[in-house]
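The values are calculated or read from the model by the stated rules, or taken from the named source; none is laboratory data. Not measured: the values here are computed from a predicted model. Reconstructed Cβ throughout: ideal geometry from the backbone, glycine too, with neighbour counts over all protein chains shown. Accessible surface areas use protein heavy atoms only, side chains included; no ligands, DNA or RNA. Shrake-Rupley method; radii C 1.70, N 1.55, O 1.52, S 1.80 Å.
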Amino acid sequence: MISELSSRATLDLPGIQEQMLEAVAATGKPVVLVLINGRPLDIRWAEEHVPAILETWYSGSEGGNAIADVLSGRVNPGGKLPVSWPRMSGQEPLYYNHNLTHLPEDSADFTSRYWDISSKPLYPFGYGLSYSTFKFSNLRLSTSKINTSGKTEASVEVTNTSDIPGDEVAEIYVHQRAGSASRPVRELKGFQRIALVPHETQTLKFSLGPDELRFWSSQTKAWAVEPGVFDVWAGGDSTASLHAEYEVTGN
């Protein structure tokens, strides 16, 4: 069902799989939904009624063993979504790094761009759970002001707040508040996967310089790093709220 010339008009579970899922969940027994798929699916009902969902994509000939290891607890999953997961096909195209509009989604007056569903994804870009839980704290910048050729270093503490060893992927996002062109609300500029034992804390560092801040200018037909204020967020997905800011000045 996933190949060239195999597009679908909807993201619904095919056939009677939705009805089968609802029937199994109605028994009251613990249920884990395992997805084997090549594209996001409409799993709004499952998200509300199924206690756990395991996304395996196309896991290959050893996929069965890998799934069994995760479900049995022999392996602690730590994957992150490489896409923004839509609620339904009507939301597509859906991506986290869209440009600002006249009514930003973080505005106090904003509700949704649709009248019948939320305009937010079901699961954001970079999202993923494990049997462990993690906390991000103390986001700091080595300097609050640099020139267009300079660098600052962002550091953030990541703590395993659970009693289970696990992996977390720390993600750094950046936003240029103003400039010669409209810039995305957020852009992923770095990530690191770390393994943490229970209640361990590690400090991670990310360099933010010209390579991370530049963009292709349609006006000058060249790469540009522009002066201005930049926002920085650190967390486990593209909705991270831990925030800092710094200023870039002209050379």
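Sorted largest first by accessible area at a 1.4 angstrom probe radius, with every protein chain in place, the residues Trp115, Trp216, Trp45, Trp85 fall in the order Trp115, Trp216, Trp45, Trp85. Only protein heavy atoms count here; under a 1.4 Å probe, Tyr58 has an accessible surface of about 140 Å².
Largest first and in whole Å, the equivalent-ellipsoid semi-axes of the chain read 36, 24, 16, each the square root of five times a Cα gyration tensor eigenvalue. This model, with +1 at the C-beta of Lys and Arg and -1 at the C-beta of Asp and Glu, gives segment 1-145 a dipole about its Cα centre of some 580 debye. The phi torsions of segment 191-206, fed into the Karplus equation with coefficients 6.51, -1.76 and 1.60 and a -60° offset, translate into couplings of 8, 9, 9, 10, 9, 10, 7, x, 6, 7, 10, 10, 9, 10, 10, 10 Hz, rounded to whole numbers, with Gly and Pro shown as x. Simple point charges give the picture: +1 on the Cβ of Lys and Arg, -1 on the Cβ of Asp and Glu, and for the chain a dipole about the Cα centre of about 520 debye.
Sort Thr220, Thr159 by accessible area with a 1.4 Å probe, largest first.
Numbers: Thr220 90, Thr159 30 Å².
Correct descending sequence by accessible area is Thr220, Thr159.
Tally Lys and Arg at +1 and Asp and Glu at -1 over the other residues with C-beta under 11 Å from the C-beta of Leu204: what net charge comes out? Please report the intermediate quantities before stating the final value.
On the way: positive: Arg193, Lys205; negative: Glu153, Glu157, Glu168, Glu171.
Net of charged neighbours comes to -2.
Estimated from the Cβ-Cβ distance and a Förster radius of 45 angstrom, the FRET efficiency linking Gln202 and Val83 is about 0.95.
If you restrict to DSSP beta bridges whose two residues both lie in the chain, what percentage is antiparallel, to the nearest 5? Each step should come with its number before you reach the end.
Details: 41 of 48 bridges.
That works out to approximately 85 percent antiparallel.
Nearest 0.05, what FRET efficiency do Phe215 and Met20 give at R0 = 51 Å with Cβ-Cβ as r? Between Phe215 and Met20 the formula returns 0.60. Farthest toward the positive end of the dipole of segment 123-230, out of Ala195, Leu139, Ser180, is the Cα of Ser180, where the dipole comes from beta carbon charges about the Cα centre.
Residue ranking by accessible heavy-atom surface, 1.4 Å probe, largest first, among Val197, Val169 comes out as Val197, Val169.
Taking label points 7 Å from Cα along the Cα-to-Cβ direction, Ser137 and Val32 give a separation of 3.1 nm. Rolling a 1.4 Å probe over the protein chains gives Ile53 an accessible area of about 60 Å². Heads up, I need the accessible area for Glu92: 1.4 angstrom probe, whole protein in place, Å², nearest 10. Taking all protein chains as shown, Glu92 has close to 80 Å².
For segment 1-92, what is the Kirkwood hydrodynamic radius in Å, using each pair of distinct C-alpha atoms? Present the calculation step by step, with values, prior to reporting the outcome.
Values: mean 1/r = 0.0680 Å⁻¹.
For segment 1-92, the Kirkwood estimate is 14.7 Å.
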